[in-house]
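Participant: First the structure, which I've put down as structure tokens, then a few questions once you've had a look.
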Amino acid sequence: MRAGLVELLTADPEIEIAGEAVTGRQAVELACRVCPDVVLMDVRMPDLDGIEATRELTRAAPDIRVLILTTFEQDDYIFGALRAGASGFLLKRARPEELIAAVHTIAGGDSLLSPSITRRVIDRMAQQPTPELGNQSKLAGLTPREREVFDLTARGLSNREIAEVLTIEESTIKTHVKRILMKLDLRDRIQIVIFAYEIGVNPLTR
């Protein structure tokens, strides 16, 4: 599998393979040493599973972004990976062009957040009986426009889609998202979705 990924990714002249690891523990140690832009992380690995490896890696090296690449589309894996700090979740059956595009997307600082994954995160969070309502006070620091962007992002909309809804430039949306992340101390737009449902905010009922 790794050999196939290397062959696929190196076909793109903008992608350089920084290293390979067999286990989750090796992945964390190697990534911290070579500092790649993106780590493709499996879920099921010996020594340390991919979710825990992602958690350790994002804590030790916050600038390294993790793309989970797995065969298993299970809620526990999706939710666990996103909570651990992954910037995206892709199935191994994805087309080659989708994988290459995903690497570029995450390397560029964005996240892979499809409406279907958003829906599953929402459904999972709905099972949590006690939202952390105290954290809603953090939203008070957002401007009215930032709150609109926050709500739409939490629904899984892309910057382009939000720009169409609000009838403003996509570049302006990107600026709003950056300010929201900074004010709420969040890593990326995936964490906006998780944060929204952890504190009991449901933008689907706006």
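The numbers here are math on the coordinates, done by the rules we state, and not lab data. As the structure is a computational prediction, the values presented were derived from the model and not from experiment. As a convention, Cβ positions derive from the backbone with ideal geometry for all residues, glycine included, and neighbour counts pool all protein chains shown.
Participant: Using packing as a proxy for protection, rank 181-193, 161-173 so that the peptide with the highest average count of other Cβ atoms within 10 Å comes first.
Facilitator: Result, highest mean Cβ count within 10 Å first: 181-193, 161-173.
Participant: In addition: Report the local net charge at LYS183: Lys and Arg +1, Asp and Glu -1, summed over other residues whose C-beta lies under 12 Å from its C-beta.
Facilitator: Around LYS183, the surrounding residues sum to +2.
Participant: Once you order the gyration tensor axes a ≥ b ≥ c over the Cα atoms, which shape class does the stretch 27-114 get: rounded for a/c under 1.5, otherwise prolate or oblate by comparing a/b with b/c?
Facilitator: Cα axes put the stretch 27-114 in the oblate bin.
Participant: Still on this structure: First measure r as the distance between the Cβ atoms of LYS174 and ASP47, then evaluate 1/(1 + (r/R0)^6) with R0 = 41 Å and state the FRET efficiency to the nearest 0.05.
Facilitator: 0.60
Participant: Among the lysines, which have Cα under 29 Å from the Cα of LYS138 when same-chain residues fewer than 8 positions away are ignored?
Facilitator: Straight-line reach from LYS138, under 29 Å: LYS174, LYS178, LYS183.
Participant: Still on this structure, I have one more. Please list the non-local residues whose amide H lies under 5 Å from the amide H of VAL39, H modeled 1.01 Å from N, same-chain partners needing a gap of 5 or more.
Facilitator: ARG65, VAL66, LEU67
Participant: Could you tally the net charge around LEU8, taking each other residue with its Cβ under 12 Å from the Cβ of LEU8, Lys/Arg +1 and Asp/Glu -1?
Facilitator: Here the count lands on -1.
Participant: Using a cut-off of 12 Å between beta-carbons, work out the net charge of the residues near ARG160 (Lys and Arg +1, Asp and Glu -1, ARG160 not included).
Facilitator: -4
Participant: Quick one: which residues, 5+ away or cross-chain, put their amide H under 5 Å from the amide H of GLY200? H built at 1.01 Å from N.
Facilitator: GLU132
Participant: Charges on Cβ only, +1 for Lys and Arg, -1 for Asp and Glu, centred on the Cα centroid of the stretch 131-205; of SER171, MET182, VAL149, which one is farthest towards the dipole's positive end?
Facilitator: My answer, from the dipole projection, is MET182.
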